[in-house]
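Trainee: I'd like to ask you about the structure that follows.
The values are calculated or read from the model by the stated rules, or taken from the named source; none is laboratory data. These numbers were taken from a predicted model, which means no experiment stands behind them. Cβ placement follows ideal geometry from the backbone for every residue including glycine, while neighbour counts extend to all protein chains displayed. Heavy atoms of the whole protein, side chains included, go into the accessibility calculation; ligands, DNA and RNA do not. Shrake-Rupley method; radii C 1.70, N 1.55, O 1.52, S 1.80 Å.
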Amino acid sequence: MAVSERPSALTTTTPRLDGTPSGPRLAARAVHVHKIYGVGDTSVTALGDVSLDFVAGGFTAIMGPSGSGKSTLLHCLAGLDTLTSGQVLIGDTDLASLTDRQRTILRRDRLGFVFQSFNLLPTLTAEENITLPADLAGRDPDSEWLATVVAKLHLEDRLRHRPAELSGGQQQRVAVARALISRPEVVFADEPTGALDSKAGSELLHFLRSVVDDLGQTVVMVTHDPGAAAYADRVVFLVDGAIVEELVAPTRETVLDVMGRLGDE
Ligand code: ADP
Ligand code: MG
């Protein structure tokens with residue numbers, strides 16, 4: 001997909017055949033999400049009335065000071081934490097309508113996760129790590145898709161290596177490939193470049209961008225780094241559990257500007 005065709009919050013709505021407007025397809029939605037930890041005097045409102053749409057094929061960065069609710073939002077969107085009130089939808093599926101087991105299966109089959117610390121299994125090769133989610137589900141990985149993902153992440157020559165034989169950047173690319181193996185509807189990444197040096201970090205962001213542009217994947221990434229956020233289509237800023245600002249087509253400079261105004265430099 002050409003850069004100019006990127007879906008973003010600016011994407012104009014396309015009329016349906018019957019003339020009624022229909023927006024771009026949504027991969028996920030948060031609707032009036034509240035998350036309160038604890039009760040009474042010691043309760044903490046981690047998220048207060050957060051509503052956000054994630055367009056399919058879009059790349060969103062979530063920023064905000066430490067303790068602003070970024071990880072909580074990611075965990076609530078990914079069905080790793082329950083809401084106090086509100087709704088999270090993955091596609092058309094309301095997470096609250098699922099049993100614990102159904103939610104586990106949805107996470108496995110329809111979502112992908114990338115963590116700061118790679119979380120690869122040291123005894124498995126890169127390829128075994130990538131196909132592990134499919135193996136655990138008792139399925140053969142789609143070999144064509146596996147080849148596409150491996151080529152897209154430039155991992156062809158690394159498949160037989162174990163994590164200890166790979167650089168940090170290569171390990172994180174393996175983790176991204178693992179997150180993509182089920183062709184998820186959304187990939188969630190919590191500080192994916194946090195453990196990488198700046199060169200490996202830029203490379204990883206370039207790969208994440210191409211996973212969105214070339215493979216049509218949907219990425220939601222928490223980051224502290226304005227340079228990383230600039231790779232996204234939009235940046236959502238959280239302060240004290242609320243969305244205070246949204247930037248479309250961010251640059252490092254515009255992100256820094258908002259961070260300065262929010263007192264988070
Ligand atoms: P961020 O990722 O932006 O640093 P978090 O989402 O981790 O922020 O945390 C948001 C707020 O919720 C913080 O005040 C934090 O202390 C609180 N919090 C997060 N997880 C828990 C928990 N399991 N129990 C109680 N409070 C929590
Ligand atoms: Mg966090």
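Trainee: Going by the structure shown, is V176 β-branched (V, I, T), in contact (Cβ under 8 Å) with a residue 60 or more places away in the chain and under 20 Å from V255 (Cβ atoms)?
Mentor: Numbers: β-branched (V, I, T): yes; in contact (Cβ under 8 Å) with a residue 60 or more places away in the chain: yes; under 20 Å from V255 (Cβ atoms): no.
No, not satisfied.
Trainee: Another question, then. Taking the condition away from ligand 2 (no atom under 16 Å from the Cβ), closer than 30 Å to L132 by Cβ, in a loop (DSSP other than H, G, I, E, B) and not β-branched (V, I, T), does P24 pass? Steps first, please.
Mentor: Working: away from ligand 2 (no atom under 16 Å from the Cβ): yes; closer than 30 Å to L132 by Cβ: no; in a loop (DSSP other than H, G, I, E, B): yes; not β-branched (V, I, T): yes.
No, not satisfied.
Trainee: Looking at the structure I just gave you, is G86 more than 13 Å from ligand 2 (Cβ to nearest atom), surrounded by 17 or more Cβ atoms within 10 Å (Cβ to Cβ), over 12 Å from the mean Cα position of the chain (by Cα) and in a loop (DSSP other than H, G, I, E, B)?
Mentor: Working: more than 13 Å from ligand 2 (Cβ to nearest atom): yes; surrounded by 17 or more Cβ atoms within 10 Å (Cβ to Cβ): yes; over 12 Å from the mean Cα position of the chain (by Cα): yes; in a loop (DSSP other than H, G, I, E, B): no.
No.
Trainee: Return the residues of the stretch 227-254 that are within 16 Å of ligand 1 (Cβ to nearest atom) and in a helix (DSSP H, G or I); say none if nothing qualifies. Steps first, please.
Mentor: Going residue by residue through the stretch 227-254, those that are within 16 Å of ligand 1 (Cβ to nearest atom) are 228-229, 235-245.
Of everything in the stretch 227-254, those that are within 16 Å of ligand 1 (Cβ to nearest atom) and in a helix (DSSP H, G or I) turn out to be A228, A229.
Trainee: Between a first residue in the stretch 78-94 that is touching a residue at least 40 places away in the same chain (Cβ under 8 Å) and a second residue that is among the aromatic types (F, W, Y) and surrounded by 15 or more Cβ atoms within 10 Å (Cβ to Cβ), which pairs have beta carbons less than 6 Å apart while being 6 or more apart in sequence or on different chains?
Mentor: From residues that are touching a residue at least 40 places away in the same chain (Cβ under 8 Å), the pairs are A78/F188.
Trainee: Where residues in the stretch 113-165 are part of a helix (DSSP H, G or I) and small (G, A, S), which of them is farthest from D213 (Cα to Cα)? Talk me through it step by step, then tell me what you get.
Mentor: Just the residues of the stretch 113-165 that are part of a helix (DSSP H, G or I), to begin with: 126-136, 143-152, 156-158, 163-165.
Now drop any that are not small (G, A, S), which leaves 126, 134, 143, 147, 151, 164.
Working: A126: 24, A134: 24, S143: 21, A147: 17, A151: 15, A164: 30 Å.
The selected residue is A164.
Trainee: So which residues in the stretch 29-83 are in contact with a Leu (Cβ under 9 Å, 6 or more places away or on another chain), among the small types (G, A, S), within 9 Å of ligand 1 (Cβ to nearest atom) and in a loop (DSSP other than H, G, I, E, B), if there are any at all?
Mentor: If the condition is that a residue be in contact with a Leu (Cβ under 9 Å, 6 or more places away or on another chain), among the small types (G, A, S), within 9 Å of ligand 1 (Cβ to nearest atom) and in a loop (DSSP other than H, G, I, E, B), then G64, S68, G69 are the ones that fit.
Trainee: Which one of the conditions (1) open to solvent by 10 Å² or more (accessible area, probe 1.4 Å); (2) in contact with a helix residue (DSSP H, G or I) (Cβ under 6 Å, 6 or more places away or on another chain); (3) within 16 Å of ligand 2 (Cβ to nearest atom) does A230 fail to meet, given that it meets all the rest?
Mentor: Against the list (1) open to solvent by 10 Å² or more (accessible area, probe 1.4 Å); (2) in contact with a helix residue (DSSP H, G or I) (Cβ under 6 Å, 6 or more places away or on another chain); (3) within 16 Å of ligand 2 (Cβ to nearest atom), A230 comes up short only on (3).
Trainee: When you go through D109, D41 one by one, which is the residue that is surrounded by fewer than 16 Cβ atoms within 10 Å (Cβ to Cβ), of a type in the set (D, E, K, R), within 20 Å of the chain's Cα centre (by Cα) and away from ligand 2 (no atom under 16 Å from the Cβ)?
Mentor: Working: D41 fails: within 20 Å of the chain's Cα centre (by Cα).
Just a single option satisfies the conditions, and that option is D109.
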